[in-house]
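The values are calculated or read from the model by the stated rules, or taken from the named source; none is laboratory data. These numbers come from a predicted model, not from an experiment. Glycine also receives a Cβ, built like all others from the backbone with ideal geometry; neighbour counts cover every protein chain displayed. Keep in mind that these areas ignore ligands, DNA and RNA; they rest on the heavy atoms of the full protein, side chains included. Shrake-Rupley method; radii C 1.70, N 1.55, O 1.52, S 1.80 Å.
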Amino acid sequence: MTVESSAARKPRRSAAGKAGATGGRTGATGETAGTAGGTTAGTGAKRTTRTTRTTAKKSADPELVQLLTPEGKRVKNAAYDAYVAGITPEELRGLYRDMVLTRRFDAEATALQRQGELGLWASLLGQEAAQIGSGRATREDDYVFPTYREHGVAWCRGVDPANLLGMFRGVNNGGWDPNTNNFHLYTIVIGSQTLHATGYAMGIAKDGADSAVIAYFGDGASSQGDVAESFTFSAVYNAPVVFFCQNNQWAISEPTERQTRVPLYQRAQGYGFPGVRVDGNDVLACLAVTKWALERARNGEGPTLVEAYTYRMGAHTTSDDPTRYRGDEERLAWEAKDPILRLRRHLEATGHADEAFFAELETESEALGRRVREAVRSMPDPDHFAIFENAYADGHALVDEERAQFAAYQASFAEEGGH
């Protein structure tokens, strides 16, 4: 199987369109709803734990943008239907294919880690719709700043899945050229990529480009100071950036209600830009809302916060045991909302896909798993001395000394083997 790569892009200029203005009004409506919630939650400083849990319970079943129910039924949404009105059966099958192949790759990576082939792996299991929907909403000239779990977004940007695993195997420092696909390297420092995205967005705005930037982060990262600073700067400078928060409800073992007393999307109102909560297990809704938000950005209407309300079905990473902090009942309830099963039900109900399609995709999925496994096992070990390169632009005496010490250390093994 081949993965299409995108060429480097040049920014383009355009005037704001009518659709952007409509999107802005939609965002304002969402912002008004958020204001009401914020006022309620902010009353009184002596709220009890019970009150906090009540607020969290209300937010656990929010009014959110949804175009496909868990049963696969298409529902109307006056604000966002226009952004997926022209989607074809072929494109729907493409979204399904993207999610299935991304999940297969993710499962293979988890298995490779368990077998000692990778040092660590952060699974996206359950978050495929949020990533594929938002990823397919981007244009080639948009720029994406991921965290470390955006394997589905990487797929949409044309990054070979095998390249993602080099970093987790410890044989490279990323595995791809960010400028080839307009997809930045994975960021391990929690939340810092939102600052990078904001600065980049401010830069392309000054260049007069009509491209946009999207930054991914999780509910845990939303509590980081870097994210708050990003919101401030992007609002003040009207930066063309979309903040895409995948709220999978668990920051490792910390539930969302211990980090916030209102739904996360409502935080945007305090910074002066729209916030929208979307069903993160609904690939169509994620596609539509992200298209709207990116359109706002390109039309000079500034930042948007999109909260994709979803669920991490597996562990935070392969070093985590989720059974120690959450029960099976919660997980099973969310498995019933599986994003892949949801779209499959829709495809079957509408007759847009037959058994031959699903069987062919299963074959392709297994081939991808084998290819990834073979690629990982054949990755060469890195040059032991590469760590000393690019530490300083013009070299440094201390680095030269350390390199020499390391060379002597490596040579000692050869000497011991010779005796």
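Structure notes:
- The modelled label-to-label distance for the pair residue 386/residue 356, using points 7 Å beyond Cα in the direction of Cβ, is 4.5 nm.
- Legend: residues 104, 324, 345, sorted from most to least accessible area (1.4 Å probe; ligands, DNA and RNA excluded), read 324, 345, 104.
- More than 18 Å apart - percent of Cα-Cα pairs taken over region 181-304: 51
- Ordering 188, 387, 214 by accessible surface, largest first, gives 387, 188, 214; the 1.4 Å probe counts only protein heavy atoms, with every chain in place.
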